[in-house]
1. Per residue of the range 90-95, in order, report the coupling 6.51 cos²θ - 1.76 cosθ + 1.60 (Karplus, θ = phi - 60°) as ³J(HN,Hα) in whole Hz, putting x for Gly and Pro.
2. Label points 7 Å out from Cα along the Cβ direction at A70 and E143: separation in nm?
3. Expressed in nm to one decimal, what extension gain is obtained for the pair R93 and I49 from 0.36 nm per residue of sequence separation less their Cα-Cα distance?
4. Using the charge dipole of the chain (Lys, Arg: +1 at Cβ; Asp, Glu: -1 at Cβ; taken about the Cα centre), state which of C94, Q30, L16 has its Cα farthest towards the positive end.
5. Restrict the search to the range 78-126; then list the GluC sites (Glu not before Pro) that DSSP places in a loop and that have at most 16 other Cβ atoms within 10 Å of their Cβ.
6. What is the extension gain from D121 to Q40, computed as 0.36 nm multiplied by their sequence separation minus the C-alpha to C-alpha distance, in nm to one decimal?
7. When the helices in the chain are scored as -39500 (n - 2.57) per DSSP H run of 4 or longer and the sum is shared across all residues, what 222 nm value do you end up with, to the nearest 500 deg cm²/dmol?
8. Determine ³J(HN,Hα), in whole Hz, for all residues of the range 124-136 in sequence, where each value follows from phi through the Karplus function 6.51 cos²θ - 1.76 cosθ + 1.60 and θ = phi - 60°; x replaces Gly and Pro.
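No value in this document is a laboratory result; all are computed from the given coordinates. Owing to the predicted nature of the structure, the values given are computational and were not obtained by experimental measurement. Positions of Cβ are generated from backbone atoms using ideal geometry, with glycine treated the same way; all protein chains shown enter the neighbour counts.
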Amino acid sequence: MSTLESQLKSTDGSVLVKTSTGKIKVRKGQTEEAFLEQKQQFLETGPQINDYNWLIEDYDKRLEKFTQLAPEERKGKHFFDPLNKVDTEKIIRCLNLLYYEKRYDECLQRCHFLIGIEDADIEKNKKFQLFKSDVASIKSACELKSS
């Protein structure tokens, strides 16, 4: 039995896919628990309808909700999950949107806040380091344009 066949024996819904170069690779499936969790989230909140400024509004809503927490409740928490790719990508897209709309001061304010996040538990995480470097590059671009 080849490794590809053994990988497909799992119950996570993996499938074989032929790439444009002709190679065969295994596309990972989704576990039953992950599917049920995603389905439950959809049933609770419904479909997400996005208007033009939804990224900025989402950022503001999360931050406002977070700042309303008592200081002891905020300790060790963040208004987004720094290790969740969807959350970090939303924030990067929000900053990019502000930059391309020439709202440099708003963008800088958010960048300073994000760069100021210090957490020893996640600081060593490579994904978080990449996120912070992306924020820093957007910040430097905003500083160049705003001056």
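1. Values per residue, Gly and Pro as x: 4, 5, 4, 5, 4, 5 Hz.
2. Taking the two extended label points, one gets 3.8 nm.
3. The R93-I49 span can extend by a further 14.2 nm.
4. Sorting the options by dipole projection puts first L16.
5. Numbers: sites: E89, E101, E106, E118, E123; in loops: E101, E118.
Qualifying residues, ordered by number: E101, E118.
6. Gain in length upon complete extension: 26.2 nm.
7. One gets -19000 deg cm²/dmol as the mean residue ellipticity at 222 nm.
8. Ordered by residue, 3J(HN,Hα) equals 7, 5, 5, 4, 5, 5, 5, 4, 5, 5, 5, 4, 5 Hz.
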